[in-house]
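These notes are about the structure you will find just below.
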Amino acid sequence: MNAVETTVFVIDDDKAVRTAIRNLLESVGIRVETFNSPQDFLKADRKNVPGCLVLDVRLQGISGLDFQKQLAAANIEIPIIFITGHGDIPMTVQAMKAGAVDFLTKPFRDQDFLDAIQKAVERDRDGRAQEAEVTESRRRFNSLTPREREVMALVVAGKLNKQIAAELGTSETTAKVHRGQVMKKMQVQSLPDLVRIAERLGLPSQTC
Amino acid sequence: MEFFRTISSPNDFMPHGYCYLWDPGLVWLHVISDFLIAVAYFSIPITLMYFIRKRKDVPFNWIFIFFGMFILACGATHVMEIWNLWHADYWLSGGIKVITALASVATAILLVRLIPHALALPSPEAMRLEIAERKRAQEGLGKAKDELEIRVQERTAKLQKANDDLSDEILQRNFAEEALRRSEERFRLLVERVQDYAIFMLDTSGRVTTWNQGAEHINGYTAKEIIGLHFSQFYQAADIQLGKPETELQIAAAEGRFEEYGWRLRKDGSKLWANVIITALRNQRGELIGFSKITRDLTEQMRTEAALRGSEEQLRMAQEASGSGAWDWDPQSDLATWSDRHSQIFGLEPHDVKHTWSSFVHLVDPEDRARVQLAILTALKPHGALEVEYRINRPDGQARWVMSKGRTYCDSAGEPMRMVGLTMDITERKQLEHDLLRTQSDLARVSRLLTLGELTSSIAHEVNQPLVAVVTNGDACMRWLTAEPPNLDKVRESLVWIVKEGKRAGEIIKRIRELAKNKAPQKTELLVNDVITEVINLAGSELSNNQVTLRTDFASDLPIVCGDRVQLQQVILNLIANAIDAMKSIHQHPRELSISSRATDDGQILITVRDCGMGVEPNILENVFKAFFTTKKEGMGLGLSISRTIVEAHGGRMWALSNNDQGATFQFTLPMVAGAHA
């Protein structure tokens, strides 16, 4: 684990607990930032580095699950590890469905906790990589001309050049040129790669 | 002479001598005769004048004046006769004769008239006889007189002596009379000026004859208005019909005196309660001459006495009803008087009525002696009031609880003269109180356990938190130890935390055990904010669990209160648990609970717990404090009832309010310890 590049955020209103967690994480060389409340977390000037959030289910004024929703709504994507005093199955299910990395019951085994942290940080790192990829793809997509975007949509939909030409009311040669431009601008070698990018960008896939 | 002749003799007539032919014999005859007549005539009036002046007793003496006058006039005519011998003044002579004639005629007429009267006068003979007789009588008298003279002289001497004695006595008597007069005057003034008694006299028929100022003051009539009127004026119509005024006079006349207390009327018609004494007045011969009546206005006194009797009666009834005994202690002589009932309460014979401080203290349970004595001594001051509950050990070995109440009465110098009061047996009440207290305590514990049960998960969390800290720090500690090189600073730091959190867990468990334990309430000096904080620490996770945001606003510098920590925690715990329940169904707005404390102006501490839950209908605000009243499905309806009991046992009050926006507010007060400040 690249400790320097990662930070674990801990939100717990019990100072003893958050200090203990900080102590444990620091003993394995992980950078930790602790917060008393979700508000403090939101207000803080956080470094944009891979990491995860350790969140107590019971928080003053707001439940950990509600805060999870709030973060999603605010497009703050950070893997969350929930810790709770008592294992509540429905709550666990709800949290996992909403994308929690893990749900640990206090007191937890240190190794379980550290594993969960590692998993979460990796997921964040993956996510960040994907996020970077998508951003690049979007930049490339934005460089396409409107005609090229039309052609790309049809290509991704699995249309042949002939079909594309017919659909766009142009010659097959012209369609072929456009297609070449798309592949070049999007920097893909194969049709499956283009389809994957289109999916990531959330483009509407037209199927016959 | 010539002149005279001219006037008196105008030469018309001849002087009278011519008639006599100037015969000297004849002329002288006439002259001498007339002269003698005239002298005689002139001498007679003088003699008569002399006579009547000397004998003024002569009757009709005025007639002598007339005689005198006419004789004088006759004399004058004779003088004129002589004059006319040489002088022919016949007119003058005639005029004098006219005067003489008038005087003579008048005298003659008067004399005629006088004669019958004159005849009535005793004749000198008769006079003489009578005089002779008188003379004889006088002679007899003379003799008797002589005898008398002697006796008179003797008597005079005696009388003189008596007179002298009398004079002395009169002198003395005058002195006595003067003294009596003065004394009577003083007495009269005294009677008249007496204001508080109506003192007046009646005649035998009952009519008012005198009237003093007191009577005017009491009855309202002035002397002028009432004197002469019948004294039945002062009686009520009903009494008059019964013939009371007359009866009273009869009794007074028969027995000498009549006295009664009764209603009388004033002039203005108002009634007065009077003491009336009627005394018969008799003269030396024992004849009834009237009555004296003395009336005293006792209206005010009667009212006061009636009021006093009323309150004494009330006191007696109150004593009987309460079964209390009365005592009266004179701190100066250290002697106390106990009523029979008081002695009975202390297990003594009723005749044991005399007590002292030490004999009383001896009966007080040794444990309470100091307290009782202090209470009495503290109350021993002007307007001092005593109220003390204590145990006594009766001579028969019975221990009883009693309560004594009393008041101190001081003289003007503030020196306590008396302490008076009541004592009642409160053993049964004490027993009931004790039972009640135990029942309340049991109930409170049950309620506490129920509340704790509701908070199980919260309590588990509270215990779990320090355990998490312990375990996690322990794990970290191992890693710091196994590191290369081991980070001993971090190891130490971790261990400090482990110890601290271990203790914290222990504290929490101890507190929960206290809440669950069946322990007699014990009052200690507390800081309200600490008590609240401890409860919040226990129930805090329940708040988080239910997404309740807690806001606290504790006034710093609050005074100390005296109370049972566990019970007060129970009250706050209960209010928090209720608030959480009330907010469970709230989703449309954040759940907020605020707890605040502050000192009020009237020396209390006010604790407010406010939620934003479903609230309490204003019409059931009071019902929520009733036992077994609940709006919750699982509730027993005891929490608030017990909470209020606890607060009231601490001398405070508890109430509920409905918030304007949403939710309910529960408040309670606690009295602060006098003069104590945190």
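Within the option set B:GLU81, B:GLU130, being touching a helix residue (DSSP H, G or I) at 6+ places or on another chain (Cβ under 8 Å) and acidic (Asp, Glu) holds for one residue only, B:GLU81. Residues in region B:458-473 that are more than 7 Å from every other protein chain (Cβ to nearest Cβ) and either surrounded by fewer than 20 Cβ atoms within 10 Å (Cβ to Cβ) or touching a strand residue (DSSP E or B) at 6+ places or on another chain (Cβ under 6 Å) (or both): 1 in all. The listed residues are B:ARG296, B:ARG303, B:ARG309, and the only one of them that is basic (Lys, Arg), within 31 Å of the chain's Cα centre (by Cα) and either surrounded by 15 or more Cβ atoms within 10 Å (Cβ to Cβ) or assigned to a strand (DSSP E or B) (or both) turns out to be B:ARG296.
From the list B:LEU36, B:LEU48, which residue is of a type in the set (A, V, I, L, M), more than 29 Å from B:TYR18 (Cβ to Cβ) and assigned to a helix (DSSP H, G or I)?
Residue meeting the stated conditions: B:LEU48.
Among the residues of region B:443-487, the one identified as touching a helix residue (DSSP H, G or I) at 6+ places or on another chain (Cβ under 7 Å), modelled with pLDDT under 85 and among the basic types (Lys, Arg) is B:ARG448. Every condition in (1) within 14 Å of another protein chain (Cβ to nearest Cβ); (2) outside any loop (DSSP other than H, G, I, E, B) is met by A:ILE62 except one, and the failing one is (2). Screening B:ARG445, B:ARG429 for residues that are touching a residue at least 24 places away in the same chain (Cβ under 8 Å), surrounded by 17 or more Cβ atoms within 10 Å (Cβ to Cβ) and in a helix (DSSP H, G or I) leaves exactly one candidate, B:ARG445.
Here are some residues: B:THR552, B:THR524. Which one is farther than 30 Å from B:THR439 by Cβ, more than 9 Å from chain A (Cβ to nearest Cβ) and hydroxyl-bearing (Ser, Thr, Tyr)? Answer to the check: B:THR552.
Residues in region A:15-32: is at least one more than 13 Å from chain B (Cβ to nearest Cβ), modelled with pLDDT of 90 or more and under 19 Å from the mean Cα position of the chain (by Cα)? Within region A:15-32 (the criterion being more than 13 Å from chain B (Cβ to nearest Cβ), modelled with pLDDT of 90 or more and under 19 Å from the mean Cα position of the chain (by Cα)), the answer is no, since none of the residues qualifies. Exactly one residue among A:LEU65, A:LEU59 is in contact with a helix residue (DSSP H, G or I) (Cβ under 8 Å, 6 or more places away or on another chain) and either surrounded by 22 or more Cβ atoms within 10 Å (Cβ to Cβ) or modelled with pLDDT of 90 or more (or both), and that residue is A:LEU59. Name every residue in region A:110-131 that is surrounded by 13 or more Cβ atoms within 10 Å (Cβ to Cβ) and not acidic (Asp, Glu), in order of residue number. The answer is A:PHE113, A:LEU114, A:ALA116, A:ILE117, A:GLN118, A:LYS119, A:ALA120, A:VAL121, A:ARG123, A:ARG125, A:GLY127, A:ARG128. Whenever a residue of region B:103-131 is without any contact (Cβ under 8 Å) to a residue 12 or more places away in the chain, its partners that are loosely packed, with under 11 Cβ neighbours inside 10 Å and not small (Gly, Ala, Ser), lying with C-beta atoms within less than 8 angstrom and at least six residues away or across chains, give the pairs B:GLU130/B:PRO122.
If you go through region B:551-591 and keep only what is touching a residue at least 60 places away in the same chain (Cβ under 8 Å) and within 60 Å of the chain's Cα centre (by Cα), you end up with B:ASP557, B:LEU558, B:PRO559, B:ILE560, B:VAL561, B:CYS562, B:GLY563, B:ASP564, B:GLN567, B:LEU568, B:VAL571. Scan region B:539-551 and tell me whether some residue there is of a type outside the set (A, V, I, L, M) and modelled with pLDDT of 85 or more. For region B:539-551, residues of a type outside the set (A, V, I, L, M) and modelled with pLDDT of 85 or more: present. In this structure, is A:LYS43 surrounded by fewer than 17 Cβ atoms within 10 Å (Cβ to Cβ), within 14 Å of another protein chain (Cβ to nearest Cβ) and either in contact with an Asp or Glu (Cβ under 8 Å, 6 or more places away or on another chain) or of a type in the set (Lys, Arg) (or both)? The answer is no for A:LYS43.
Every residue, every condition in (1) within 11 Å of chain A (Cβ to nearest Cβ); (2) among the β-branched types (Val, Ile, Thr); (3) in contact (Cβ under 8 Å) with a residue 12 or more places away in the chain, yes or no:
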{"residue": "B:VAL496", "(1), (2), (3)": "yes, yes, no"}
{"residue": "B:GLU501", "(1), (2), (3)": "yes, no, yes"}
{"residue": "B:GLU507", "(1), (2), (3)": "no, no, no"}
{"residue": "B:GLU514", "(1), (2), (3)": "no, no, yes"}
{"residue": "B:VAL535", "(1), (2), (3)": "no, yes, yes"}
{"residue": "B:LEU538", "(1), (2), (3)": "no, no, yes"}
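Selection within region B:479-494: residues that are of a type in the set (A, V, I, L, M, F, W, C) and more than 8 Å from chain A (Cβ to nearest Cβ). The member of this set that is farthest from A:ARG109 (Cα to Cα) is B:LEU488. Among the criteria (1) closer than 22 Å to B:THR669 by Cβ; (2) in a loop (DSSP other than H, G, I, E, B), the one B:LEU593 does not fulfil is (2).
Among the residues of region B:175-224, the ones that are aromatic (Phe, Trp, Tyr) and either in contact with a strand residue (DSSP E or B) (Cβ under 7 Å, 6 or more places away or on another chain) or not in a helix (DSSP H, G or I) (or both) come to 4 in all. Counting residues in region A:71-94 that are more than 27 Å from B:ALA476 (Cβ to Cβ), more than 14 Å from chain B (Cβ to nearest Cβ), surrounded by fewer than 17 Cβ atoms within 10 Å (Cβ to Cβ) and touching a residue at least 60 places away in the same chain (Cβ under 8 Å) gives zero. In region A:109-121, the residues that are free of Cβ contacts under 8 Å to residues at least 24 places away in the same chain form Cβ pairs under 9 Å with partners that are assigned to a helix (DSSP H, G or I) and surrounded by 19 or more Cβ atoms within 10 Å (Cβ to Cβ), at six or more places apart or across chains, as follows: A:ARG109/B:VAL471; A:ARG109/B:ASP475; A:GLN111/B:ASP475. Pairs under 8 Å by beta carbon, first residue in contact (Cβ under 8 Å) with a residue 60 or more places away in the chain in region A:125-153, partner assigned to a helix (DSSP H, G or I) and of a type in the set (Val, Ile, Thr), six or more apart or different chains? Going by the 8 Å Cβ cut-off, the qualifying pairs are A:SER137/A:ILE197; A:PHE141/A:ILE197.
The values are calculated or read from the model by the stated rules, or taken from the named source; none is laboratory data. A quick note: this is a predicted structure, and the numbers were derived from the prediction, not measured. Positions of Cβ are generated from backbone atoms using ideal geometry, with glycine treated the same way; all protein chains shown enter the neighbour counts.
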